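As structure tokens, the structure follows; a few thoughts come after it.
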Amino acid sequence: MSKARLELRSVSKRFDDLEVLADVSLSVQPGEFVSILGPSGAGKSTILQLLTGALRYDGGSILCDGAPLESDSHRFAFMPQRDALMPWRRIIDNATLGLEVQGMSRAAAREKVQPLFAEFGLAGFERHYPSQLSGGMRQRVALLRTVVQQRSMLLLDEPFGALDALTRAKMQRWLSGMWTRHDWTVLLITHDVREAVLLSDRIYVLSPRPASILRHYDIPLPHPRPPAGDATLPAIEADILQTLLTLEE
Amino acid sequence: MSMRSISSGTSRVFSDAWPAVTSISALILAWEAYVQFSGISPTALSAPSRVLIQGFEQREALASHTLATLQATLFGFSCSLCAAFLFSLLLDFFRPLRRALFPVFIITQTLPLVAIAPLVVLWFGFGLTPKIVLVALVTFFPMLVALVQGFESTDRDIEALLASMGASRRRIFVAARLPSALPYFFAGLRISITYAVVGAIFAEYAGAVRGLGIYILNAKNNFRPDLVLAAVFVSATLTLCLFGATVLLQRLAMPWARIAEFKP
């Protein structure tokens, strides 16, 4: 376990009087798809902000590939909840944003990103503006922008939360397929239990604030998972839902 | 796409414009009829036809005075834009300065132009300088507010995303805050350009060698309301043209904002 891609050991964080994270320990192995589920306001996005370097943690430690995570190292590629596409940049230039920030020239970055457009279902839309794309397509652009940064892990913050139910279901299947074909390490933050169960190898359930890890689920089923195949998935889903509902009371 | 949008754009301009054209024509016709049938003296109120004819006879003088006003407007406005941009940068990067400087800028907006214009002419003479100063005085603050507000309108998610990628503060400003401010900038520009013409004419009215302001003053002193109105008409046209130019500029600078909604 020492060579985990990401390891949080008893991480805590407070804002003045408000204790947000009490004791959060979790790990993500290379090539794994891990989800963090929790009630709203539990501190899911605080964990993300610690990982992107936007916040510093107070106690515990965060390790990346065995070494302490520096706040300015930018080891992870972050995909925010809303797509955060720049309306003034064409689709291809939105996709290259991370590479340009890393210092690559726009021409070189375009050349590198271009071959991926077909696989992301975006071929022919390179010269469009974000306002011309549907919600699902915009999220695919956002994921493309995240993936091409070639960071050691993808941080997805409720990536499909703003989509309608049907598009969300389609995008979850699509992401599941993409993850199977690529060697991505993913940490997904979500409050959608079904989404977490469908996509993840492992799921951590957070307690309400101040957050600690309440439960931990292993889902040792192959990907991509059929929508109505195994009876294990609905059982786990029901169990997690029950756990979360009990918390509310 | 471009051909269709251009032709539909032109027909839309026509369909949008006809109510305005009709109401303005009706107003001018009523004015003409009133002057013709009420027997009012032409030194009190001139008919639009007389304004048009006299204005046309004076076209060379009007043109050269208009050119002077245009020059003062554009010079003053450019200076004001540069200053507003520099100060907006300063206020964006050094937040505490806002509290120190904003009250000063607000005070400049409370000064009555009638009182300030003659003083500025007194200090800077009859040349171009007092016009530039007055135009800048009336347009600087609206432009500054537009820019500062525009920077603030930047999507927090986009800034957080750039920061997570390792972008510096300067990089975030150039890549996110500056383009986010464009719609606000152009809204400010449209308002300010109309103030700018009025400011220039006011400065000329207070004392100048050339310009529509001094032309209006002379025409009034010579009991020529027809020429006053001709100059007013020219200045209104000038303002409309400058306004149109800012709209055109915005369309060129923000191509993404006018892309027809097309969703696959």
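The values are calculated or read from the model by the stated rules, or taken from the named source; none is laboratory data. Fair warning: this is a prediction, and the values are worked out from it, not measured in the lab. All Cβ positions, even for glycine, are placed from backbone atoms using ideal geometry, and neighbour counts span all protein chains on display. Calculation scope for accessible area: heavy atoms of the full protein, side chains included, ligands and nucleic acids excluded. Shrake-Rupley method; radii C 1.70, N 1.55, O 1.52, S 1.80 Å.
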Under 12 Å from the Cα of A:K170 - aspartates and glutamates, other chains or at least 8 residues apart: A:E195
Cβ-derived FRET efficiency at R0 45 Å, B:A236 paired with B:D157, nearest 0.05: 0.55
Mean shadow area of the range A:84-151, taken as a quarter of the surface of its Cα convex hull (nm²): 4.1 nm²
Evaluated at q = 0.15, 0.16, 0.20 Å⁻¹: base-10 log I(q)/I(0), Debye formula over Cα of the range B:173-249: -0.61, -0.66, -0.85
Inter-probe distance in nm under a simple model that places probes 7 Å from Cα toward Cβ, at B:N222 and B:L86: 4.2 nm
Cβ-based charge dipole, the protein assembly as shown, positive-most Cα from B:T108, A:L69, B:A206: B:A206
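Using the Kirkwood radius built from alpha carbon pairs, what does the Stokes-Einstein equation give as D for the range B:51-92 at 25 °C and 0.890 mPa s, in µm² per second? Can you show the working numbers first?
On the way: Rh = 12.5 Å.
Calculated translational D: 196 µm²/s.
Charges at C-beta only: +1 for Lys and Arg, -1 for Asp and Glu. How large is the resulting dipole of the range B:48-257 about its Cα centre, in Debye rounded to 20?
On the way: 16 positive and 9 negative charges, 54 e Å.
The dipole magnitude comes to about 260 debye.
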Positive dipole terminus of the range A:110-249, leading residue within A:V113, A:I213, A:G177 (C-beta point charges): A:V113
Angle in degrees between helix B:212-221 and the longest Cα principal axis of chain B, rounded to the nearest 10: 30 degrees
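Rounded to the nearest 0.05, what FRET efficiency do A:E70 and B:L252 have when you use their Cβ-Cβ distance and R0 = 51 Å? Mind dumping the intermediate values first?
Working: r = 44 Å, r/R0 = 0.86.
About 0.70, to the nearest 0.05.
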Dipole of the protein assembly as shown, positive direction: furthest Cα of A:P39, A:V147, A:A162, with charges on the beta-carbon: A:V147
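Ignore the peptide's own chain and count Cβ atoms of other chains within 10 Å of each Cβ in B:152-164; give me the average, rounded. Show your work: numbers first, answer last.
On the way: counts 0, 0, 0, 6, 3, 7, 8, 2, 8, 15, 5, 6, 18.
Neighbouring Cβ atoms belonging to other protein chains average 6 per residue here.
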Dimensionless Rg/Rh of the range A:22-83 - Kirkwood Rh, Rg from C-alpha atoms: 0.93
When chain B is reduced to its Cα atoms, the Kirkwood hydrodynamic radius in Å: 21.5 Å
Area buried, chain A against chain B - accessible surface, total, 1.4 angstrom probe, square angstrom: 2200 Å²
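With contacts defined as alpha carbon pairs under 8 Å and 6 or more residues apart, what's the relative contact order of the range A:84-151 in percent?
Numbers: 70 pairs, mean separation 33.1, N = 68.
This gives 49 percent for the range A:84-151.
What average count of beta carbons from other chains do you get within 10 Å of the Cβ of residues in A:73-81?
Working: counts 1, 5, 1, 1, 3, 5, 2, 7, 1.
So the per-residue partner count for this stretch is 3.
Charges only on Cβ, +1 for Lys and Arg, -1 for Asp and Glu: so what's the dipole of the range A:84-151 about the Cα centre, in debye to the nearest 20?
On the way: 10 positive and 5 negative charges, 21 e Å.
Dipole of the range A:84-151, to the nearest 20 debye: 100 debye.
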The range B:21-129 shape via C-alpha gyration tensor axes, a/c threshold 1.5: prolate
Whole-percent pair-distance distribution, where bins are 5 Å wide, for the alpha carbons of chain A: 1, 6, 13, 17, 19, 17, 13, 8, 4, 1, 0, 0
Where chymotrypsin sites (Phe, Trp or Tyr not before Pro) fall in DSSP loop in the range B:201-253, at most 13 other Cβ within 10 Å: B:F223
In degrees, nearest ten, helix A:135-147 long axis to first principal axis of chain A (Cα): 80 degrees
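Could I get the Rg over Rh figure for the range A:116-249? Both from C-alpha atoms, Rh via Kirkwood, rounded to two places. Provide the component values of the computation, followed by the final result.
Values: Rg = 16.1 Å, Rh = 16.3 Å.
Rg divided by Rh gives 0.99.
Could you check how much of the accessible area of the protein assembly as shown is carbon and sulfur, as a whole percent, using a 1.4 Å probe? Write out the running numbers ahead of the final one.
Details: 16050 of 25420 Å².
Roughly 63 percent, rounded to a whole number.
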Selected from B:R12, B:R156, B:R98 as most flexible by GNM, with chain B as the system and alpha-carbon contacts under 10 Å: B:R12
Part-to-part distance (alpha-carbon centres) for the range B:10-78 and the range B:209-225, which is given in Å: 16 Å
Using alpha-carbon coordinates, inclination of helix B:59-93 to the longest axis of chain B, degrees: 20 degrees
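Using a 10 Å cut-off on Cβ to Cβ distances, tally the other chain neighbours for every residue of A:86-92 and report the average as a whole number.
Counting other chains' Cβ atoms within 10 Å and averaging over A:86-92 gives 5.
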Debye log10 I(q)/I(0) for the protein assembly as shown, one point scatterer per Cα, at q = 0.05, 0.12 Å⁻¹: -0.34, -1.10
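Just need the relative contact order of chain B here, percent rounded to a whole number, with Cα pairs under 8 Å and 6+ apart.
Relative contact order comes out at 26 percent.
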Top of A:S134, A:S152, A:S35 by mean-square fluctuation, Gaussian network on chain A, Cα under 10 Å: A:S134
